[in-house]
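Notes follow once the structure below has been shown.
The values are calculated or read from the model by the stated rules, or taken from the named source; none is laboratory data. The structure presented is a predicted model; accordingly, all values stated were derived computationally and were not measured. Cβ atoms come from the backbone with ideal geometry, glycine included; neighbour counts cover every protein chain shown. Accessible surface areas use protein heavy atoms only, side chains included; no ligands, DNA or RNA. Shrake-Rupley method; radii C 1.70, N 1.55, O 1.52, S 1.80 Å.
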Amino acid sequence: MPASEVPASPTPNAGAAQPGTETAPGVTPATPQAATGEGTRFVLLNTSHPGNVGAAARAMKVMGFSDLVLVQPRFADVLCREETVALASGAADILARARIVDSLPAALEGISYACATAMTPRDFGPPTFAPRELLPRLAAGPHRVAFVFGSERYGMSNEDVYRCHACLSVPTHPDYGSLNLSQAVQLVAYDWRQALGGFGVVPRVPDAQLADGVAVQGALEHWREMLVEIGFLDPAAPKKLLPRLQQLINRAQPTAEEIHILRGMARAVQRAARGPKR
């Protein structure tokens, strides 16, 4: 029976080796991999749908990986098909560099550690891990790593799983664990990128300039005048109103623009309280 194409643990830790019970073969602490991910390959076996190839290329590119190898895809021209290019959505360079080979051993040339995205065969085979259990340890080693994904129709054969050093099982909801091929590529690529160090979040807008103390005090004084004018604040018995407003503004840490808005509101209230000009 073929192994599952995109495996999923029935519970968050089911199917994954527990700490202290199994050690991923060949994984030992060593020099960390370069953050570029140049030592990483994604291998797709017997892919049926061109769209999945394009979407997988896109998933790789957004995580900074570029080495894609296809093993006997259904369509020989899959890398240049319209659906492939459309779903690559800007990752055409990944498709241009991708290779098509005749066998998994050929796809694993130059690779020192291969991860099957399939359940471990029932008789014997490599140990199974959740990605976030294995990948940080694997990233600390010297390996050139390949992630192998099976066909959409029948997954990975046991013989192909036996060629790998470990199996990865994505923890999913116990009642439904079926993942689309390109979705599985995205999940594994993301976890592998995080294990290698990840990318920083780039802010889309610059940080706003916080209002300084002078601006804050000016706004508070303006609000005091307005609150007195509308009868909300009795200057003879102010109690703790102004200190409480001071604390509120301190917690809010308003920007200079927000202070301008507060003062504009105070001016509008004052104009309304004074009525139309005569």
In region 133-144, is there at least one residue being more than 18 Å from residue 39 (Cα to Cα), open to solvent by 50 Å² or more (accessible area, probe 1.4 Å), touching a helix residue (DSSP H, G or I) at 6+ places or on another chain (Cβ under 9 Å) and not small (Gly, Ala, Ser)?
no
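What is the residue count in region 139-168 for residues that are part of a loop (DSSP other than H, G, I, E, B) and either of a type in the set (Lys, Arg) or in contact with a Phe, Trp or Tyr (Cβ under 7 Å, 6 or more places away or on another chain) (or both)? So that I can check it myself, show each step before the final result.
From region 139-168, those part of a loop (DSSP other than H, G, I, E, B) are 140-144, 150, 152-154, 157, 163-165; that's our starting set.
Next cut, either of a type in the set (Lys, Arg) or in contact with a Phe, Trp or Tyr (Cβ under 7 Å, 6 or more places away or on another chain) (or both) only: 143-144, 153, 163, 165.
Of the residues in that region, 5 qualify.
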Examine region 191-199 for a residue that is of a type in the set (Phe, Trp, Tyr), over 28 Å from residue 72 (Cα atoms) and open to solvent by 20 Å² or more (accessible area, probe 1.4 Å), and state whether such a residue exists.
yes
Quick one: in region 223-238, of everything that is part of a helix (DSSP H, G or I) and open to solvent by 60 Å² or more (accessible area, probe 1.4 Å), which residue is nearest to residue 262 (Cα to Cα)?
223
Meets criteria (β-branched (Val, Ile, Thr), outside any loop (DSSP other than H, G, I, E, B), over 18 Å from residue 118 (Cβ atoms) and out of contact with any Lys or Arg (no Cβ under 6 Å at 6 or more places or on another chain)) for residue 214:
yes
Which numbered condition residue 67 misses (of (1) surrounded by fewer than 18 Cβ atoms within 10 Å (Cβ to Cβ); (2) under 22 Å from the mean Cα position of the chain (by Cα); (3) modelled with pLDDT of 90 or more):
(1)
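If you check residue 220 against the conditions, is it touching a helix residue (DSSP H, G or I) at 6+ places or on another chain (Cβ under 8 Å), part of a helix (DSSP H, G or I), over 30 Å from residue 42 (Cβ atoms) and not acidic (Asp, Glu)? Full working, then the answer.
Working: touching a helix residue (DSSP H, G or I) at 6+ places or on another chain (Cβ under 8 Å): yes; part of a helix (DSSP H, G or I): yes; over 30 Å from residue 42 (Cβ atoms): yes; not acidic (Asp, Glu): yes.
So residue 220 fits the description; yes.
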Being part of a strand (DSSP E or B) and open to solvent by 50 Å² or more (accessible area, probe 1.4 Å) is the filter here, so list the residues in region 88-122 that pass it.
99, 100
Within region 171-207, which residues are among the aromatic types (Phe, Trp, Tyr) and in contact (Cβ under 8 Å) with a residue 40 or more places away in the chain?
190, 192, 199
In this structure, is residue 270 within 29 Å of residue 207 (Cβ to Cβ) and of a type outside the set (Ser, Thr, Tyr)?
no
If residue 85 meets every condition in (1) assigned to a helix (DSSP H, G or I); (2) farther than 22 Å from residue 196 by Cα; (3) in contact with a Ser or Thr (Cβ under 7 Å, 6 or more places away or on another chain); (4) aliphatic (A, V, I, L, M) apart from one, which number is that one?
(3)
